[in-house]
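Everything on this sheet refers to the single structure shown next.
The values are calculated or read from the model by the stated rules, or taken from the named source; none is laboratory data. Predicted, not measured: the structure shown is a model, and the values here were computed from it. Counting neighbours? That spans all protein chains shown, and the Cβs are built from the backbone with ideal geometry, glycine included. Note: areas computed on protein heavy atoms with side chains; ligands, DNA, RNA excluded. Shrake-Rupley method; radii C 1.70, N 1.55, O 1.52, S 1.80 Å.
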Amino acid sequence: MTFIEEYHVNDKNVRLYSKNVDGYLTETSSSYLISPSSLWAKIRSVFLPEGYPDSVSSDYIYYQGWDTAQAFASSISGSLATSAVLKGVGVGDETATPLAASITWLLRDGCGMIGRILFAARFGTQLDYDCKKWRLFADVLNDLAMLIEILTPKFGKEYTLPVLCCASVSRSLVGVAGGATKAAVAQHQAKSGNMADLNAKDGSQETMVNLIALLINLTMLPWLSSYPGLVFPIFLLMTCLHIFANYKAVTSLEFSTLNQGRLNSILECYENTGQILSIPEGNIKEKLRFSFRNRIRLGASLHHFTSLLGFDSILAQDPRTVSIKVKGTSFILLNEKALPRDVIKVYIEAWMSIFSQDKQKENDSKKILEKLEEVGWSVNQRALQTEGYTFKFKQHLHEE
């Protein structure tokens, strides 16, 4: 007699079938196995994307671990900040009116909405290319907003509205930067086209963390009402944990695309050692601070060339990229037909012309591109941020 065992992957429901004389399968026994492995399978189906770990990037679980830690710390800090805000708008004060508190709250939200629109208009295009940097910026700014809210009762009633509006603007920037960079990270980690599933499971993880934090807050807040001097030390402790966990989370991400930060680190290493950094090394060495002086103007406007480079040479060559160095700054003009590989190549040439001490290496752009591909870096995906200007030829006229 032939027997067939059937296993259900998620809950280990095992059934045993036998083939009878008529050729049909009949169930002979079934059992529901409860074991550590089946329990883990259930937890995995609730909190991890289907097909984990093959369906996600290799940095997924490490990033999610630190992301969970930062979410927990942020929830604890947020409850302390909310308590301070409610006290600042008059909750518990017999002289405060509901109308005054409502107006304060509405104006606070209005300032946040305006801040969100203006921030998205100014910095929206940068959030994809430098998602690590902006994710860290968002979380530090979030802590600053909560610090302002914690200190709200100290400012006095006459300053409550401007202080809360300032905190609301900060939180609105956090919402834009945090949400956009979270989407960029999810796109990187969803290796099987399972971005929706990954986002859904990330939401489940965050909800569970917030639920645990809620239970702790329900116990902690009544206790802190008797010891108000402990509020600020606990907030500082959670803030330090929040920033540290966020830093570990963003530095654990391993993007294979080349933005300015990663490419600059690779070129610095090549200049010093002649070696190309691997993907993990390049991501670790990526600088997460903001640079206020950019010596390579990628995608500069045509007006930078009007007095420096004749248009006849551009018309004659029909180039995809044109670069000229003036007073230590390279201005790079991009044709609308320029491919990502062309952009990376001209950026390497510009970097070498400015920073390289070895003049022989200034012509190594083709060699560097080949080495980048050998290591696994993607040179055919657009990840270098430009200033947004391109030019094209139309009836022998240049147009931006």
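Summary table
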read-out: Count - residues of the stretch 326-353 that are more than 30 Å from the chain's Cα centre (by Cα) and either in contact (Cβ under 8 Å) with a residue 40 or more places away in the chain or part of a helix (DSSP H, G or I) (or both); value: 1
read-out: Pair list, Cβ < 8 Å and 6+ apart or interchain, from the stretch 258-283 residues that are over 15 Å from LYS367 (Cβ atoms) and hydroxyl-bearing (Ser, Thr, Tyr) to residues that are modelled with pLDDT of 90 or more and not in a loop (DSSP other than H, G, I, E, B); value: SER265/GLY282; SER278/VAL375
read-out: Meets criteria (over 30 Å from GLU349 (Cα atoms), modelled with pLDDT of 90 or more and of a type outside the set (Gly, Ala, Ser)) for THR251; value: no
read-out: Flag for LEU384 being assigned to a strand (DSSP E or B), open to solvent by less than 30 Å² (accessible area, probe 1.4 Å), touching a residue at least 40 places away in the same chain (Cβ under 8 Å) and under 20 Å from ARG295 (Cα atoms); value: no
read-out: GLY193 modelled with pLDDT under 90, out of contact with any His (no Cβ under 9 Å at 6 or more places or on another chain) and outside any helix (DSSP H, G or I); value: yes
read-out: Matching residues in the stretch 117-157 - criterion: being out of contact with any Lys or Arg (no Cβ under 8 Å at 6 or more places or on another chain) and polar (S, T, N, Q); value: THR125, GLN126
read-out: Residues (modelled with pLDDT of 80 or more and surrounded by fewer than 17 Cβ atoms within 10 Å (Cβ to Cβ)) located in the stretch 108-123; value: GLY110, MET113, ILE114, ILE117, LEU118, ALA121, ARG122, PHE123
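Okay, residues lined up against (1) over 30 Å from THR160 (Cβ atoms); (2) touching a residue at least 24 places away in the same chain (Cβ under 8 Å); (3) of a type in the set (Val, Ile, Thr):
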{"site": "ILE43", "(1), (2), (3)": "yes, no, yes"}
{"site": "PHE47", "(1), (2), (3)": "yes, yes, no"}
{"site": "SER55", "(1), (2), (3)": "yes, yes, no"}
{"site": "ASP59", "(1), (2), (3)": "yes, yes, no"}
{"site": "TYR63", "(1), (2), (3)": "yes, yes, no"}
{"site": "PHE72", "(1), (2), (3)": "no, yes, no"}
{"site": "SER75", "(1), (2), (3)": "no, yes, no"}
{"site": "GLY78", "(1), (2), (3)": "no, yes, no"}
{"site": "ALA84", "(1), (2), (3)": "no, yes, no"}
